Amino acid sequence: MTIKIYNTVSRQKEEFIPIEEGKVKMYVCGPTVYNYIHIGNARPAIVFDTVRNYLKFSGYDVKFVSNFTDVDDKLIKAAKELGEDVPTIAERFINAYFEDVTALGCKKADKHPTVMENMDTIIDFVSALIEKGYAYESEGDVYFRTRKFDTYGKLSHQSIDELRIGSRIEVGERKQDALDFALWKTAKEGEISWESPWGNGRPGWHIECSAMAQKYLGDTIDIHAGGQDLAFPHHENEIAQSEALTGKTFAKYWMHNGYINIDNEKMSKSLGNFVLVHDIIQHHDPQVLRFFMLSVHYRHPINYSEEVLEKTKAAFDRLKTSFQNLKHRLDSSAGLADSNDLWLKKISELHDEFTREMDDDFNTANAISVLFELSKQANYYMMEKNTDQHVIEKFIEEFKLLTSILGLTLEEETLLDEEIEALIQQRIQARKDRNFKLSDDIRDRLKHLNIILEDTPQGTRWKRG
Ligand SMILES: [Zn+2]
């Protein structure tokens with residue numbers, strides 16, 4: 001079977017044919033690291049980690065690059081507000097990002113490039129665009145000459161004329177045409193800046209992805225992905241920059257994940273419904289959040305609420321229960337021959353159904369339905385008086401394989417007694433330090449693992465619930 005991918009450029013599902021046989025070069029736009037990530041950032045992280053898993057499962061050698069924007073207006077503003085410098089803030093939130101997405105089951109990219117470490121590459125890219133006549137300097141700024149790039153608008157399906165109507169030159173911009181966009185911005189007084197042929201300044205936002213994708217993956221990549229909100233202008237501008245420079249197709253397939261709503265409303269700072277992953281995973285199993293994100297097709301909008309998350313947890317627990325029951329059943333099962341073939345065939349059919357759904361533009365929503373069917377069949381099977389060890393093993397194996405593609409595990413997290421003791425000591429120390437947040441977090445985590453703490457005058461006692 002071949003994999004089909006919905007390509008935003010053609011607005012249809014296309015058969016996936018990589019540039020080089022057996023290899024996939026994939027670039028995903030990463031976050032601007034000025035705060036903890038919100039669940040809108042978590043969706044592309046989870047979705048494209050799953051896409052990567054599935055491509056690997058399908059036999060491809062995947063090279064995966066995802067950037068951090070560690071210099072931009074938001075970071076400069078945060079630095080001013082907090083009285084810290086930009087690199088300190090960026091480093092803090094890069095670490096926080098890894099903590100959050102690791103909890104969500106996402107693996108690190110092969111490379112996570114940052115703007116700061118790629119300044120020379122970016123400056124060279126801008127210089128080359130000026131040489132080719134696609135960019136021009138204007139009082140220390142550099143702009144891309146959008147009209148010169150004939151196919152501008154092809155990704156977001158807009159014509160230059162339509163775009164012209166909505167565009168204007170803002171105060172302080174030194175561009176020749178309202179559609180032109182900044183590749184380099186001259187530094188304002190006191191701002192972090194780098195030397196360049198156009199004076200001290202910093203890159204515009206779009207140029208970093210063009211420069212870094214080319215540096216780490218080459219002129220043409222297989223899959224370029226990100227949130228739907230990035231399609232215009234960010235990805236449109238990336239295409240213009242890259243293709244103007246190389247004359248080659250920048251990315252063969254463009255994938256975009258849909259929006260997240262919170263309680264049926266658009267997430268926005270002004271509505272005060274900004275949900276940070278960091279906060280959610282204090283109170284919920286991060287796996288449940290991942291399961292929730294994958295329970296809707298990645299291109300569709302998804303609605304987050306506490307209630308939905310609770311329901312998702314209950315559903316996920318049903319799978320876990322089946323899986324745990326199978327494991328308990330393993331020991332009491334014997335070697336039977338009678339009805340094995342029928343069950344083994346059933347399991348293998350469900351395996352094929354799962355891959356069929358994933359081949360169809362990574363339909364994780366339907367793939368999850370197949371997992372529930374597998375659980376249902378396993379439950380039926382365990383109702384039989386005598387069960388066969390081999391069939392039980394096959395069920396367990398299949399559960400492990402299919403959930404691992406989705407980045408999930410049905411194994412119970414268990415802590416050794418020593419680990420529990422260590423956490424209790426950490427909690428005692430946190431309370432001494434009056435760090436009640438940490439103390440509560442430890443208690444919640446243990447509670448989640450069914451370990452109950454009892455604070456007595458003689459100290460903290462614990463038991464497994
Ligand atoms: Zn980007």
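Each other residue within a Cβ distance under 14 Å of GLU411 adds +1 if Lys or Arg and -1 if Asp or Glu, for a net charge of -2. Packing order of peptides 30-39, 350-359, 169-178, 148-157, highest average first: 30-39, 350-359, 148-157, 169-178 (average count of other Cβ atoms within 10 Å over each peptide's residues). Computed with the Debye formula from one identical point scatterer per Cα of the stretch 4-257, without solvent, the log10 of I(q)/I(0) at q = 0.07, 0.10, 0.11, 0.14 Å⁻¹ comes to -0.24, -0.49, -0.60, -0.99. Peptide packing: for 223-230, 399-406, the average count of neighbouring Cβ atoms within 10 Å per residue gives the ranking 223-230, 399-406, highest mean first. From zero up to wherever the largest Cα-Cα distance of the chain sits, split into 10 Å bins and tell me the percent of pairs in each. Whole-percent P(r) values from 0 Å outward: 4, 17, 25, 24, 16, 9, 4, 1, 0.
Helical runs assigned H by DSSP (4 residues or longer) give the chain a calculated mean residue ellipticity at 222 nm of -15000 deg cm²/dmol, each run adding -39500 (n - 2.57) before division by the residue total.
Could you compute the FRET efficiency for ARG11 and GLU117, with r as their C-beta to C-beta distance and R0 at 45 Å, rounded to 0.05?
Given R0 = 45 Å and the Cβ-Cβ separation, E is 0.80.
Note that the stretch 119-184 shows a convex hull volume over its alpha carbon atoms of 100 Å³ per residue. If R0 is taken as 30 Å, the Cβ-Cβ distance between ALA128 and GLU99 corresponds to a FRET efficiency of 0.20. What is the angle, in °, between the Cα long axis of helix 207-217 and the longest principal axis of the Cα atoms in the chain? Nearest 10 is fine, range 0 to 90. The angle comes out near 60 degrees.
With +1 on each Lys and Arg Cβ and -1 on each Asp and Glu Cβ, and nothing else charged, work out how big the dipole of the stretch 277-405 is about its Cα centre, in Debye to the nearest 20. Please report the intermediate quantities before stating the final value.
On the way: 15 positive and 22 negative charges, 53 e Å.
Here the size comes out at about 260 debye.
Can you work out the PRE-style zone for GLU170? Point 7 Å along Cα to Cβ, and I want the residues of the stretch 208-239 with backbone N under 14 Å. Under cut-off, by backbone N: 233-234. With 22 Å as the limit on Cα-Cα distance, the pairs of LYS4/LYS25; LYS107/LYS463; LYS63/LYS313; LYS23/LYS394 that go past it are LYS107/LYS463; LYS63/LYS313; LYS23/LYS394. All other residues whose Cβ lies under 14 angstrom from that of ASP440 are scored, Lys and Arg at +1 and Asp and Glu at -1, for a net of +2.
For ILE165, what is the net charge nearby, where nearby means another residue's Cβ is under 15 Å from its Cβ and Lys, Arg count +1, Asp, Glu -1?
So the surrounding residues net to 0.
Comparing Cα centroids, the stretch 204-242 and the stretch 161-195 end up 19 angstrom apart. One compactness figure for the stretch 277-405 is 1.16, namely its Cα radius of gyration divided by 2.2 N^0.38 Å. Packing, as the average of other Cβ atoms within 10 Å across residues, places the peptides 255-261, 382-388, 214-220 in the order 255-261, 214-220, 382-388, highest first.
Once Rh is set to the Kirkwood radius over Cα pairs, what Stokes-Einstein translational diffusion coefficient, in µm²/s, holds for the stretch 417-464 at a temperature of 4 °C and a viscosity of 1.567 mPa s?
Working: Rh = 10.7 Å.
The diffusion coefficient I find is 121 µm²/s.
Taken together, the values in this text are just the output of simple stated rules run on the coordinates, not laboratory data. Everything numeric here is computed off the predicted structure, so don't read it as measured data. Cβ sites come from the backbone with ideal geometry, for glycine too, and all protein chains shown count toward neighbours.
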